[in-house]
Every structure is written in structure tokens, then in C-alpha cells.
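The values are calculated or read from the model by the stated rules, or taken from the named source; none is laboratory data. Nothing here was measured: the structure is a model prediction, and the numbers come from that model. Here the Cβ positions follow ideal geometry from the backbone for every residue, glycine too, while neighbour counts run over all protein chains shown. Areas reflect the complete protein model, heavy atoms only, side chains present, ligands, DNA and RNA absent. Shrake-Rupley method; radii C 1.70, N 1.55, O 1.52, S 1.80 Å.
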Amino acid sequence: MEQFLIANMAPVMFAALVVFLLSGFPVAFSLAANGLFFGFMGIEFGLLKPELLQALPNRIFGIMANDTLLAIPFFTFMGLILERSGMAEDLLDTIGQLFGPIRGGVAYAVVFVGALLAATTGVVAASVISMGLISLPVMLRYGYDKKLASGVIAASGTLAQIIPPSLVLIVMADQLGRSVGDMYKAAFVPGLLLTAMYAGYVLAVSIFKPHAVPALPPEARNLREPNGRSGVVSLLALIVLAVAGSYAFGSYYGAGHPNAPSDEVGIFAASVGIAGAFVLALLNRKLKLGLLSRMAEQVVFVLIPPLALIFLVLGTIFVGIATPTEGGGMGAFGALVLAMMNRRLSWSLMKQAMDSTTRLSCFVVFILIGSSVFSLVFRAVNGDLWVEHLLTSLPGGTTGFLIVVNLLFFGLAFFLDFFELAFILVPLVGPVADKLGIDLIWFGVLLGVNMQTSFMHPPFGFALFYLRSVAPKEVKTSDIYWGAIPFVLIQIIMVALIIMFPQVVSIGKKTDMKEQIELKIDIPTGGQSSDAPQLNFSTDSDTKADETPQLNFSSDADKK
């Protein structure tokens, strides 16, 4: 038995972890206990040295000193403040009025607001609960199908997992050793595509089952003009002016800065157009010019503040002005300012947000500490080599590896949270993907889209639990589960599209995360002849950033 354990310590250790997790024991303590148990067993069998465990304090201090992880409490706090400041309620009401006259209008509004909340809050629970409390009763009141209404709310809430500033992407970048800013840029287009696919599903339902998504009746539309018109023409004119202003500024800025990246020009141009629309709406209201309709004014004053926060956070990160951690700090401050402007900032709100942020941050850090203990021992017993051999020997090469890994994550997402998947599995499969030549940023976005389904899986999806907690009694749990299935299938299709069309995930120039080392040691001659050998110890780090540094250890005497 002892020889069997020594020869198969890695697979036995992994199997024991699965048993620990399925037993319901807390994940952080399961990881740490499993690692320590097999660490002591390996020492007892002579497979490991006791000095191995001395590396644990340094690993824990390394976690505490990781600046990247500071973005998690910042973005969590920002999302909770915005969720409690009434921004989601105002957005849903206004966008619902805008799309109300068309079939499925409220469902379109939920998808749009879900994407907007994802880009500001980054917290699934906040998005799902807000939209469930506000829009689900409205959809049920006007005859929407219960399954569709439940599914579109739960799915739109999970967009916070893939649209920046996503907590999933922060953790993914940290575990894969890549830049958070690059991960954000890479995930932006897939997030928008997924949003469009959700809206496309609502459109298909409105065509083939129009009774399931009726339009709002005229009496429910309260943003009309005194003459009964909707005021949409005025809004379209304002949008055209804003787009024209953005295009003009972009052309001017691009001509003056020919070497500026396209995303920088786009962000600055969009900021100018949005700011111009806001100033025009503000002047129209203060001076009572009558140029804009009620609908146009309401859309501007409700939509632009969160858009400004998005540009403040993501724009500064994409342009390179701020790091993700600094962007999170600015986002948290901006959320406080928005709540104060809406006169909804109170000590009670601050206390709730800080309590929730502290709980989530402690949850993440403890899981990370537990996973560090597990990974230290697992690598010491050559577990990484076992996983690498297991995955690289799969049929189909890179494609076979991607299919198996995605099936593994999809299956485990029935039982595990995305934090647990990221801290346990990503460090095991990431090095294998790197060895197979897979770009780790692309791989991280792919897994992020896959792990988004962990919030939608019946019967254990957390988004479904959040919605169940706020849904009216007439909405059955089975309605929520059946409503989620089409959107889970859409997410699976999105995973397949990313694999088949890798160019969907593209960021251009990437941040080099590898350290460049150059060390030169000159031994003093001590008054001896100038011909005494001078030792040079350096690396060829100037050759290529993606190559492993080659050490040169030579003396100047060899050159004479």
C-alpha cells in the first residue's frame, strides 16, 4: 500500500480533494487540509523533505502583497454602492419606457441594462437581485412568459462575469500571470457579442412566439409628450449630433497624434461626444429651450452618469493612464459621488457595502491561501507533470485539449463556484496550455465565458438562487430552471465560436509581464594590474522578451 501511494501520490491527492469538496466541507479549508495531510504523508514516506513546508509563509505573504488582488474589493464596493444607490432602478425604468412600444421591449431593456450594470458593478448578485426586484414584476404584470422573463434576468445578470470590470478576469489574470488590463481588452468584444446573442434570442421569441413578449400598453408609457408623441425623434437627433461630434474629434485627434492606438482615439472621441450630449441636455433643462423631448432628457440624465463611470474606470485602464487597481479605486470613489448626487448615500448604505465587500474579499483570500498550500504540495509530488502528461496525451492535440478542459470546467461548474474553479484548476491547466502554444490571455477569456455558465446551471446556479430569493410566488422554481437552459446553450455556442474563431479575442499589443534581469558584478582589482580579469554576470534579456534569459558567465580576460 505504501509503495502504491508513493508511486501514485498526485492522482490520489487530487481524488482526495474531490472527495473533500463533495463532502460539503468549506473549500478553503478543504484545500489547505488536503495539502497539509499529503505533505506530512510525503514527509513520512521520505518522498518529500520537511523544509518544503517552510515555503508556506513566503507564499502567504506573497498573496498579501499582491497589488492586483486589491482590485477585487474596490470593484466589489463600487458595484454594491451603485446597486443600492438606485441606479439600476432608474436605468430599467427609463430604458423600459424607451423600448416599451415594441414586442419584447422590456426584455431588451433587461439585456441592455444587464450589460451596462456589468460594466459598472462587476457583481452578479447585485445585477440579478436588482433586475429581479424591479423588472420581473413589470414583465409578469404585462403578460410576459414566466420562463423567458426569469431566464433573461438571470442571464443578463451573469454578464458581469465576462464584461470588464469582471472579478473573474482579475482572478484569471492573476492565476495565469498575465496583465489584467490585457484580459479586460480581450474580453470586451466577446462580452458584447454575448449580449447581442441574448438580444437575438429575445428577437427570435418575439417573431415565433409574439404572445410570450407583448409590448407595453399605451397607459404604461409615462414619458410621452403633451401631444402624445413618444419623443424618440428628438433622442435620435441628439444621438446623431453626439456621433458627429465624436467623429469630428476623433479625426482631429487622430491627425494630431498619428501614432496613437485606435482604442485611445475611440475612447477620447466617445467621451467628447457623450459629454457634449450631456451639456446640451443640461442647458436645455436649465434654460428651458424646449429642444429636447422628455424622453431624450430622461435617457441622457439616467444613462450618461454610469457611462461616465465606465469611461473613468475602463477608459483609463485601456488607454494606460491607470492600472486596474487604480481604476478600481477611482470607480469606488465615482460610485460614492453618484450616490451622493442622487441623495442616496447614507451611513447604513456604506456599512452594508463595506460588510459585503469584507466578506467577499476574505472569502477570496482564504481560498487563495488554501489553494497555495495545495499547489505547493501537489507540485512537490510532481502533480503538475502528471496533469501535463494526462492532458498532452489526449487525442486531437490542441483542439482535443481545449474540448476536454472546457467539458471539465463545464461539468465542475455544476458544483463549484467560479472562484474555486479558478484557484484549483486554472493553475493546473494554464502551464499545459502555455506549453501547447496557446495564448494565455485568449485561454483565460475562453475559460471566463465557460465559467459564466456556473451561475446559470440548474439546479445549483447562484444566479438562479439570487433570482429565486426575490421572485414572486407565482414564479415557480421550475420556471426559473427551464428559462435558464436556452441561455446556457447560448453561452456554450459562444465558447464554440471563440474556439473556432480565435480572432474574436484580440488585444493587439500585450503587456510584457516577464521581468528583465541585468546584473553585472565587477570584482575590484585591489591595486593589482589593470589586466586582472573583470567578471561579468548578465543575461541576454535584450534579445527577445518571450525567450528565457540565457546566462553568460565570463571574464574580460577571455577577450584579450
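Taking the criterion of being in a loop (DSSP other than H, G, I, E, B) and either closer than 17 Å to residue 109 by Cα or in contact with a Ser or Thr (Cβ under 7 Å, 6 or more places away or on another chain) (or both), the residues of segment 197-237 that qualify are 213, 214, 215, 216, 217, 221, 222, 223, 224, 225, 230, 231.
When the test is whether a residue is surrounded by fewer than 24 Cβ atoms within 10 Å (Cβ to Cβ), outside any loop (DSSP other than H, G, I, E, B), aliphatic (A, V, I, L, M) and at pLDDT 85 or above, residue 154 does not pass it.
With respect to (1) in a helix (DSSP H, G or I); (2) of a type in the set (Gly, Ala, Ser); (3) open to solvent by 50 Å² or more (accessible area, probe 1.4 Å), the lone exception for residue 437 is condition (1). Say whether the condition of being under 18 Å from residue 367 (Cβ atoms), surrounded by fewer than 15 Cβ atoms within 10 Å (Cβ to Cβ) and modelled with pLDDT of 80 or more is met by at least one residue in segment 66-88. No, the conditions are met nowhere in segment 66-88. With the structure loaded, tell me whether residue 394 is of a type in the set (A, V, I, L, M), over 23 Å from the mean Cα position of the chain (by Cα), at pLDDT below 85 and surrounded by fewer than 17 Cβ atoms within 10 Å (Cβ to Cβ) or whether it fails that test. It is true that residue 394 is of a type in the set (A, V, I, L, M), over 23 Å from the mean Cα position of the chain (by Cα), at pLDDT below 85 and surrounded by fewer than 17 Cβ atoms within 10 Å (Cβ to Cβ).
Residue by residue, here is whether (1) among the aliphatic types (A, V, I, L, M); (2) over 29 Å from residue 485 (Cβ atoms); (3) in contact with a helix residue (DSSP H, G or I) (Cβ under 8 Å, 6 or more places away or on another chain) holds:
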residue: 357; (1), (2), (3): no, yes, yes
residue: 368; (1), (2), (3): yes, yes, yes
residue: 382; (1), (2), (3): no, yes, yes
residue: 415; (1), (2), (3): no, no, yes
residue: 437; (1), (2), (3): no, yes, yes
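Please enumerate the residues belonging to segment 97-126 that are more than 28 Å from residue 454 (Cα to Cα) and open to solvent by less than 10 Å² (accessible area, probe 1.4 Å). Residue satisfying the conditions is 100 alone. Cβ-Cβ distances below 9 Å connect no pair with a first residue in segment 38-54 that is over 17 Å from residue 13 (Cα atoms) and in contact (Cβ under 8 Å) with a residue 12 or more places away in the chain, a second residue that is loosely packed, with under 14 Cβ neighbours inside 10 Å and of a type in the set (Phe, Trp, Tyr), and a separation of six or more residues or different chains.
Among the residues of this structure, residue 52 does not count as one that is modelled with pLDDT under 85, in a helix (DSSP H, G or I) and closer than 30 Å to residue 202 by Cβ. Taking the listed residues 16, 28, 7, the one that is over 30 Å from residue 345 (Cβ atoms), of a type in the set (A, V, I, L, M) and surrounded by fewer than 14 Cβ atoms within 10 Å (Cβ to Cβ) is 7, with no other qualifying.
Within segment 457-509, the set of residues being surrounded by fewer than 18 Cβ atoms within 10 Å (Cβ to Cβ) and not in a helix (DSSP H, G or I) comprises 458, 459, 460, 472, 473, 474, 476, 501, 506, 508, 509.
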